[in-house]
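One structure is given below, encoded as structure tokens.
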């Protein structure tokens, strides 16, 4: 009888340790993905900070492309007002689309493309776009790790009990694969 109680006690202790470890692992995995999203947002903010400088440089040379500048300003405002990860991803897609149109305009105007401040800003934006891409990829990798953790058995049971829910992967907007069209 005493031996049975010891075995049951050991099993209970092992079960408690496993549940505790599983919970902490789920928290850690989710926080890693959340922190990576913050890295994506940091790069978005860098992009948003560079855009007004590029716009100001281009506006000084080119007054007739106000629609591009207005679209960029509106997209930046929408991003600033977005609250959820999904809303921010959609707004970032609109910023990218507007920025793509501005870049196409710059490339089609030799005077703009040759201006040193425009070249410098374009280089910085290109670097920022590369950083955004890398951070998005890392975010999706961290979300994948989290999703696997909450969906594999037996952790899926604990994830459900403790309220761990799906996280959304970053997905490009539909039509993002198409180059922006600029008519001059």
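For segment 72-87, a tally of residues being surrounded by fewer than 16 Cβ atoms within 10 Å (Cβ to Cβ) and under 19 Å from residue 105 (Cα atoms) returns 2.
Being outside any helix (DSSP H, G or I) and either in contact with a helix residue (DSSP H, G or I) (Cβ under 8 Å, 6 or more places away or on another chain) or at pLDDT 80 or above (or both) is a description that applies to residue 83.
Would you say residue 49 is at pLDDT 80 or above, in a helix (DSSP H, G or I) and closer than 22 Å to residue 120 by Cβ? So residue 49 passes the test.
The values are calculated or read from the model by the stated rules, or taken from the named source; none is laboratory data. This is a predicted model, so every value here is computed, not measured. Methodologically, a virtual Cβ is constructed for each residue, glycine included, from the backbone with ideal geometry; neighbour enumeration extends over all protein chains shown.
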